[in-house]
Amino acid sequence: MIIHVVKPGDTLWKIASSYGASFQRTLEVNQLPNPSKLLIGQAILVPVEGTYHIVRPGESLWKIAQTYNTTVQAILMNNDIPNPSSISVGQRLLISAPKPRPEVSVNGYIYEYGQDAVPIVNEDGPFLTYLAPFAYRIKEDGGLEPIDDVPAIKAAYAHNVVPMMSVTNFTSTELGGNLAHTVLSSLEISNKVIDNILAIMREKDYKGVNIDFENVLPADRENYNRFLQLTVDRLHPQGFFVSTAVAPKVSAEQPGTLYEAHDYAAHGRIVDFVILMTYEWGYRFGSPQAISPIDQIKRVLDYAVTVIPRDKIYFGFQLYARDWVIPHVQGQQAETFSMQEAIRRATQYNAVIQYDTRTQSPFFRYTDEKGVRHEVWFEDARSAQAKFDMVKAYKLPGISYWALGFPFPQNWVLLADNFRIKKLL
């Protein structure tokens, strides 16, 4: 895939033809809300086989070879050119064939239940290793609040995706710190939770569990570690795997309820893999900013790889955009929606899309019909590629998406272009 940033005068047909790509295929991979109206600064994916270069005035094969870190001889062979001096302006040269892709495991959380989950799983299933319906919430007596996850599990198996049970302590309105304390501080209640996890996994044919306890009280750090060890000790002999999701920390001593009880070193030692929730800097109740800034994610990874085995770390990737009213007022909530809706909204208001190079994130501003100003941060092909490049640079084995159900067609096309998706079934 080539990522083209729209300039004045560009059309989708013009972009596709300039790279020698299929217009229809370019249309399909981008799924634009209005293909006839492109936005300045918008990222367009152009599907080509290999890397191509369009010869410009004054260029020689030697200069082109230097640009792509290859040789003149390689370009001559790729394009069956007998004479190096015979190239012409506008000629399309194949620089390299598609490169081998590393293999990754991909998890997708989903919080749609019942039959509503099925079309989402059917669409994204080919790109997934695991599916995690979110979530069974623990109770003070060790029970678990039920969810309607059977349709999602069946759809997962239809696409050779491993169902992973998800267990948590919080909701959108309850932080869950005190609830977690009740469970984690009691060995009896902790074992009841594990009893119920095992029962549900056997009943519904889950293959493993993801523990996502958040806002755990700092005093319960060792209790949480003990619970994870208990879970592994009881589930591993039964053939089940155990994973966790942790807040994005940059040091062991990072203060705050979100971070202190998440012991990276202990999680890395105890469980099979750890999902880093490397998103939510652009919090819905906070001020407008990039949701998953690459500079902050790098700080998290730089710390994580020092205490968690690298082959256990999964990169967290958000699939949603946010729209803040500006100027921001403390406590005001941003609207959350899909990347497709972000592009639709930018198109509706004829916004110019900007790209913040520090965070590797696109954003735009617009004024609505009531004269209210807005700022939208989202993801596009450029920011997705930056994240995939980071997964490769850190040699991580997996990616985890929060959450399926927010359409982002460019992501899945780029994911498949960068990686081979591991299938365990």
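For the chain, DSSP calls about 45 percent of its internal beta bridges antiparallel.
Amide H contacts under 5 Å for Ile291: Gly282, restricted to partners 5 or more places along the chain or on a different chain, H placed in the peptide plane at 1.01 Å from N.
If a spin label sat at a point 7 angstrom from the Cα of Glu140 along the line to its beta carbon, the backbone N atoms of the range 214-248 nearer than 17 Å would be those of 217.
If we count every other residue with Cβ under 13 angstrom of Ile421's Cβ, Lys/Arg +1 and Asp/Glu -1, where does the sum land?
Working: positive: Arg101, Arg420, Lys422, Lys423; negative: Glu103, Asp124, Asp417.
Overall, the nearby charge balance is +1.
Could you work out how far helix 221-235 tilts from the main Cα principal axis of the chain, as a 0 to 90 degree angle to the nearest 10? The angle comes out near 90 degrees. In degrees, nearest 10, range 0 to 90: what is the angle between the Cα axis of helix 294-307 and the longest Cα principal axis of the chain? The angle comes out near 50 degrees. Here's the picture: a label point sits 7 Å out from the Cα of Trp62 along the beta-carbon direction, and within the range 84-103 the residues with their amide nitrogen under 18 Å of it are 84-88.
The residues neighbouring Ile87, those whose beta-carbon lies less than 12 Å from its own, together hold a net charge of +2 under the Lys/Arg +1, Asp/Glu -1 convention. Residue by residue, what Karplus-based ³J(HN,Hα) values in Hz, rounded to whole numbers, does the range 339-354 have, using 6.51, -1.76 and 1.60 with θ = phi - 60° and x for Gly and Pro? Working through the residues one at a time gives 5, 4, 5, 4, 5, 4, 5, 4, 5, 4, 9, 6, 7, 9, 7, 10 Hz.
Looking at the range 108-250, the DSSP beta bridges with both ends there are about 10 percent antiparallel.
Near Glu260: Cβ cut-off under 13 Å, other residues only, Lys/Arg at +1 and Asp/Glu at -1. The net charge is -3.
Sequence-ordered 3J(HN,Hα) estimates for the range 32-41 from the Karplus curve with 6.51, -1.76 and 1.60 and θ = phi - 60° stand at 6, x, 9, x, 7, 10, 8, 10, 4, x Hz, glycine and proline given as x. Karplus-based coupling profile of the range 279-290, in residue order and whole Hz: 7, 6, 5, x, 6, 5, 9, x, 7, x, 6, 4, with θ = phi - 60° in 6.51 cos²θ - 1.76 cosθ + 1.60 and x standing for Gly or Pro. Across the range 103-421 the C-alpha pair distances fall into 10 Å bins from zero in the proportions 6, 26, 34, 25, 7, 1, 0 percent. Pair-distance distribution P(r) for the range 36-142, from all Cα-Cα distances in 5 Å bins starting at 0: 2, 8, 14, 11, 9, 9, 10, 9, 7, 7, 6, 3, 2, 1, 1, 0 percent.
Taking Lys139 as the anchor, which lysines have their alpha carbon closer than 19 Å to its alpha carbon, excluding any fewer than eight residues away along the same chain? Reachable lysines: Lys192. Put simply, the amide H of Gly208, placed in the peptide plane, has neighbours under 5 Å in Met165, Phe241, leaving out anything fewer than 5 places away on its chain. Under a cut-off of 29 Å between alpha-carbon atoms, report the lysines in cross-link reach of Lys370, not counting same-chain residues fewer than 8 places apart. By straight Cα distance, Lys370 reaches Lys37.
For a straight C-alpha distance cut-off of 19 angstrom, the aspartates and glutamates reachable from Lys204 (same-chain residues fewer than eight places away being disregarded) are Glu112, Asp116, Glu145, Asp148, Asp149, Asp195. Anything over 29 Å Cα to Cα? Flag those among Lys99/Lys423; Lys298/Lys422; Lys14/Lys422, in the order listed. Table pairs above 29 Å Cα-Cα are Lys14/Lys422.
Where a number appears in this text, it was derived from the coordinates with a stated rule and is not lab data. Being a predicted model, the structure only gives us computed values, none of them experimental. Glycine gets a Cβ as well: all are built from the backbone with ideal geometry, and neighbour counts include every protein chain shown.
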